[in-house]
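Peer 1: Take a look at this one; I'll ask things after.
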Amino acid sequence: MTLATGPSSPALMQSPLVRAAHRESVPHTPVWFMRQAGRSLPEYRTVRAGIPMLESCRRPDLVAEITLQPVRRHGVDAAIFFSDIVVPVAAVGLDIDIVPGVGPVVADPIRTWGDLARLPELTADAIPDIRDSVLLLVAELGATPLIGFAGAPFTLASYLVEGGPSRNHLRTKALMHGDPDLWNALCARLAQISAAFLRVQVEAGASVVQLFDSWAGALSRADYEKFVQPHSAAVLASVGELGVPRIHFGVGTGELLPSLAAAGADVVGVDYRVALPDAIARLGRSYAVQGNLDPALLFAPWEALERETRRILAEGASAPGHIFNLGHGVLPETDPDVLTRLVALVHEAGVR
């Protein structure tokens with residue numbers, strides 16, 4: 001279904017972020033920040049105090065408040081749905097926890113066909129709170145778009161196979177090549193879970209989606225296209241049926257940018273390791289780009305930050321569409337006042 005507050009809303013369709021995602025003219029370059037809702041904000045630390053991460057992601061009142069905090073404070077052009085990539089796999093019953101200082105930890109990793117049986121498909125009935133959270137948000141956001149959030153199959157699979165975060169993804173790559181049938185079955189199941197998670201958000205009113213493939217940069221282009229791209233494409237095709245723009249982002253994926261785009265993206269996220277002109281040249285004129293200020297520069301003197309921001313805006317102006325963002329997420333130690341000032345600079349300097 002498409003609600004009146006959803007992707008067909010005239011006000012939302014005319015928002016700078018949605019227009020840039022569609023490669024249409026904009027009054028100014030739109031800006032939002034990955035991890036804009038989080039530990040850099042004192043108000044976030046206050047409302048999250050004593051509440052485990054996964055619980056925070058399943059309470060509509062808390063999800064709405066946390067998602068709205070950076071919109072109120074910074075005046076960004078979009079809200080990003082507050083969640084975690086493992087929320088949907090926890091929702092289907094997998095024993096997984098987010099350990100502070102470590103990340104997602106799986107009690108019993110998935111490495112055999114028998115293990116895969118413990119990972120059922122996700123239905124909307126299992127996540128009514130996600131729908132309720134989005135409904136609360138779109139009612140508050142008005143003409144500011146909400147970006148739906150989900151993890152891509154490869155990154156999810158890496159956590160599930162490794163049992164937690166991994167630097168080298170040894171077990172993941174060994175399974176990928178050693179038992180490709182099991183690997184593809186696992187990723188197909190995760191694609192269904194991610195797609196269902198995104199569809200619930202879009203059907204409740206999210207105007208854009210972003211698929212995060214945080215660890216895809218650990219792969220060669222050949223491995224990505226053979227073992228990963230078809231499953232990410234399935235996720236993006238599923239939400240594409242609903243008519244919303246799709247952003248595809250990965251870390252360390254400079255060599256994979258055309259492959260990320262070909263999976264079904266409308267916007268390709270570019271991390272801070274790749275110059276925007278290089279990314280635009282690799283992608284061609286069929287895709288908008290998002291990025292790509294190095295998050296570390298938020299700690300530099302303002303003159304240096306302003307210079308780099310203006311450079312990225314000038315480079316992004318040559319793309320068919322540009323959404324300003326960081327080349328990865330906001331770091332916890334970031335001064336939120338710097339982010340607020342940066343938004344104002346982008347809006348002023350990014351006038352088209």
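The values are calculated or read from the model by the stated rules, or taken from the named source; none is laboratory data. If you're wondering where the values come from, they're calculated on a predicted model, not measured in any experiment. Glycine also receives a Cβ, built like all others from the backbone with ideal geometry; neighbour counts cover every protein chain displayed.
Peer 1: Got at least one residue in the range 117-125 being crowded, with 16+ Cβ neighbours inside 10 Å and outside any loop (DSSP other than H, G, I, E, B)? I'd like the intermediate steps shown before the answer.
Peer 2: Restricting attention to the range 117-125, the residues satisfying the condition of being crowded, with 16+ Cβ neighbours inside 10 Å are 119, 122.
Remaining after also requiring outside any loop (DSSP other than H, G, I, E, B): none.
No, that holds for no residue.
Peer 1: I'd like to check something: does the range 107-126 contain any residue that is in contact with a strand residue (DSSP E or B) (Cβ under 8 Å, 6 or more places away or on another chain) and without any contact (Cβ under 8 Å) to a residue 60 or more places away in the chain? Outline the logic, then answer.
Peer 2: As a first pass, look at the range 107-126 and keep what is in contact with a strand residue (DSSP E or B) (Cβ under 8 Å, 6 or more places away or on another chain): 107.
Add one more test, that the residue is without any contact (Cβ under 8 Å) to a residue 60 or more places away in the chain, and what stays is 107.
Yes - at least one qualifying residue is present in the range 107-126.
Peer 1: Continuing with this model, one more query. Restricting to the range 36-57, name every residue that is surrounded by fewer than 18 Cβ atoms within 10 Å (Cβ to Cβ) and not in a helix (DSSP H, G or I).
Peer 2: Arg39, Ala49, Gly50, Ile51, Pro52 - these are the residues of the range 36-57 that are surrounded by fewer than 18 Cβ atoms within 10 Å (Cβ to Cβ) and not in a helix (DSSP H, G or I).
Peer 1: Tally the residues that are in contact with a Ser or Thr (Cβ under 8 Å, 6 or more places away or on another chain) and without any contact (Cβ under 8 Å) to a residue 60 or more places away in the chain, restricting the search to the range 297-316.
Peer 2: Step one: filter the range 297-316 for residues in contact with a Ser or Thr (Cβ under 8 Å, 6 or more places away or on another chain), giving 298-299, 313, 316.
From what is left, the residues that are without any contact (Cβ under 8 Å) to a residue 60 or more places away in the chain are 298-299.
Looking only at that region, the number is 2.
Peer 1: Say we look at the range 135-161 and pick out the residues that are part of a loop (DSSP other than H, G, I, E, B) and more than 20 Å from Leu236 (Cβ to Cβ); which of these is modelled with the highest pLDDT? Write out each step before concluding.
Peer 2: Taking the range 135-161 and keeping what is part of a loop (DSSP other than H, G, I, E, B), we get 142-145, 152.
Subsequent filtering for residues that are more than 20 Å from Leu236 (Cβ to Cβ) retains 142-144.
Working: Gly142: 94, Ala143: 94, Thr144: 97.
So, considering only residues that are part of a loop (DSSP other than H, G, I, E, B) and more than 20 Å from Leu236 (Cβ to Cβ), the one modelled with the highest pLDDT is Thr144.
Peer 1: So, one more: Checking the conditions here, which among Thr172, Thr155, Thr112 is over 23 Å from Asp213 (Cβ atoms) and either polar (S, T, N, Q) or touching a Lys or Arg at 6+ places or on another chain (Cβ under 6 Å) (or both)?
Peer 2: Thr112
Peer 1: While we're on this one: Can you pull out the residues in the range 145-175 that are under 15 Å from Gln201 (Cα atoms) and of a type in the set (Val, Ile, Thr)? It would help to see each step written out before you state the result.
Peer 2: Let us first name the residues in the range 145-175 that are under 15 Å from Gln201 (Cα atoms), namely 145-151.
Scanning the range 145-175 gives a single hit, Ile147.
Peer 1: Please determine whether any residue of the range 205-214 is in a helix (DSSP H, G or I) and modelled with pLDDT of 95 or more. It would help to see each step written out before you state the result.
Peer 2: From the range 205-214, those in a helix (DSSP H, G or I) are none; that's our starting set.
Scanning the range 205-214 turns up no residue that is in a helix (DSSP H, G or I) and modelled with pLDDT of 95 or more.
Peer 1: Could I ask something else about it? When you scan the range 211-232, do you find a residue that is closer than 20 Å to Pro145 by Cβ and crowded, with 19+ Cβ neighbours inside 10 Å, even just one?
Peer 2: Narrowing the range 211-232 to residues closer than 20 Å to Pro145 by Cβ: 211-212.
Of the ones still in play, those that are also crowded, with 19+ Cβ neighbours inside 10 Å are 211-212.
Checking the range 211-232: at least one residue is closer than 20 Å to Pro145 by Cβ and crowded, with 19+ Cβ neighbours inside 10 Å.
Peer 1: Tell me, which residue of the range 85-103 that is in a helix (DSSP H, G or I) and of a type in the set (Gly, Ala, Ser) is farthest from Ser158 (Cα to Cα)? Spell out the reasoning first.
Peer 2: So in the range 85-103, the residues in a helix (DSSP H, G or I) come out as 87-91.
Remaining after also requiring of a type in the set (Gly, Ala, Ser): 90-91.
Numbers: Ala90: 15, Ala91: 18 Å.
Per the stated criteria, the residue is Ala91.
Peer 1: Determine whether the range 295-313 contains at least one residue that is of a type in the set (Ser, Thr, Tyr) and either surrounded by fewer than 18 Cβ atoms within 10 Å (Cβ to Cβ) or farther than 18 Å from Trp32 by Cβ (or both). Step through it out loud before you land on a result.
Peer 2: First pass over the range 295-313, keeping only residues of a type in the set (Ser, Thr, Tyr): 309.
Subsequent filtering for residues that are either surrounded by fewer than 18 Cβ atoms within 10 Å (Cβ to Cβ) or farther than 18 Å from Trp32 by Cβ (or both) retains none.
Among the residues of the range 295-313, not one is of a type in the set (Ser, Thr, Tyr) and either surrounded by fewer than 18 Cβ atoms within 10 Å (Cβ to Cβ) or farther than 18 Å from Trp32 by Cβ (or both), which makes the answer no.
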